Amino acid sequence: MLMTTFGYWRTSTKEQSSERQTQSLINAGCDVSRIYGDQITGTSSYGSRDQLSRCLDALREGDTLVLHELDRLGRTMIEMLVEINALLDRGIAIKTLDGRLDTASMPEDIVKLIVGVMGYAAEMELKGIKKRTAEGREVALNNGVKFGRKRQYTAGQEQQVLKLRSEGLGYGTIANSMGMTTSKVRRILVNNTN
């Protein structure tokens, strides 16, 4: 049986480069044509990772899947355990380049323990990231930082809309007289009632 080494990389944002992970996979013996990767968050479902799906479909018994780190597969313990167990049941070895997992050289019980612990750690890291992000957002809001889309109208336009509305004109009439959409008029009025 011919064994093939496949590689998979994942980056979360467009600002992150896949080059480092790809080069590490090549250095680990993965053929470029057998390296798959997705630019998608770690919290995304497996179904939305087209390249991971292609990679998993291409793997055959005796093959090896090489990952830079185990959390490239997912950010929850359950996801990792389910996916790793499915691969092991298919006779596919998994190896991480950080040296923490090599199913070809470890007893199955140890593999499951390591995957469980690493999955739990990845899940806790994700929760920490979400918590710190929420805390940072709260601090920014308290400091007057405004989130969302920038205003697409001037202070003068805002005052004119408020004046015309106070005179009893409807949204459509105001929009037509000022050369803007009714949704913009509505947005201005809603923003000034809060």
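The figures follow:
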read-out	value
Count - residues of the stretch 41-70 that are at pLDDT 80 or above and open to solvent by 10 Å² or more (accessible area, probe 1.4 Å)	13
Residue match in the stretch 38-57 (condition: of a type outside the set (Asp, Glu) and over 20 Å from the mean Cα position of the chain (by Cα))	no
Per-region count, the stretch 92-122, residues free of Cβ contacts under 8 Å to residues at least 40 places away in the same chain, under 24 Å from the mean Cα position of the chain (by Cα), surrounded by 20 or more Cβ atoms within 10 Å (Cβ to Cβ) and not in a loop (DSSP other than H, G, I, E, B)	2
Filter pass, residue 141 being in contact with a strand residue (DSSP E or B) (Cβ under 8 Å, 6 or more places away or on another chain), of a type outside the set (Asp, Glu) and either open to solvent by 70 Å² or more (accessible area, probe 1.4 Å) or part of a helix (DSSP H, G or I) (or both)	no
Residue count, the stretch 1-35 (criterion: open to solvent by 50 Å² or more (accessible area, probe 1.4 Å) and in a helix (DSSP H, G or I))	8
Residue tally, condition aliphatic (A, V, I, L, M) and either touching a residue at least 60 places away in the same chain (Cβ under 8 Å) or open to solvent by 50 Å² or more (accessible area, probe 1.4 Å) (or both), over the stretch 180-194	1
Residue that is surrounded by fewer than 15 Cβ atoms within 10 Å (Cβ to Cβ) and either more than 30 Å from residue 80 (Cβ to Cβ) or modelled with pLDDT of 90 or more (or both), where the choices are 128, 156	156
Check on residue 177, loosely packed, with under 11 Cβ neighbours inside 10 Å and of a type outside the set (Lys, Arg)	no
Test: residue in the stretch 145-156 that is free of Cβ contacts under 8 Å to residues at least 12 places away in the same chain, part of a helix (DSSP H, G or I) and within 30 Å of residue 186 (Cα to Cα)	yes
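Each row is one residue, and each column tells you yes or no for (1) closer than 20 Å to residue 21 by Cβ; (2) of a type in the set (Asp, Glu); (3) out of contact with any strand residue (DSSP E or B) (no Cβ under 9 Å at 6 or more places or on another chain).
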| site | (1), (2), (3) |
| --- | --- |
| 92 | yes, no, no |
| 100 | yes, no, yes |
| 108 | no, yes, yes |
| 111 | no, no, no |
| 114 | no, no, yes |
| 119 | yes, no, yes |
| 127 | no, no, yes |
| 130 | no, no, yes |
| 133 | no, no, yes |
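The values are calculated or read from the model by the stated rules, or taken from the named source; none is laboratory data. Just so you know, these numbers come straight off a predicted model, no measurement behind them. Quick reminder, even Gly has a Cβ in these numbers, built from the backbone with ideal geometry, and neighbours come from all protein chains shown. The protein model used for the area step is the full one, side chains on, heavy atoms only, and it has no ligands, DNA or RNA in it. Shrake-Rupley method; radii C 1.70, N 1.55, O 1.52, S 1.80 Å.
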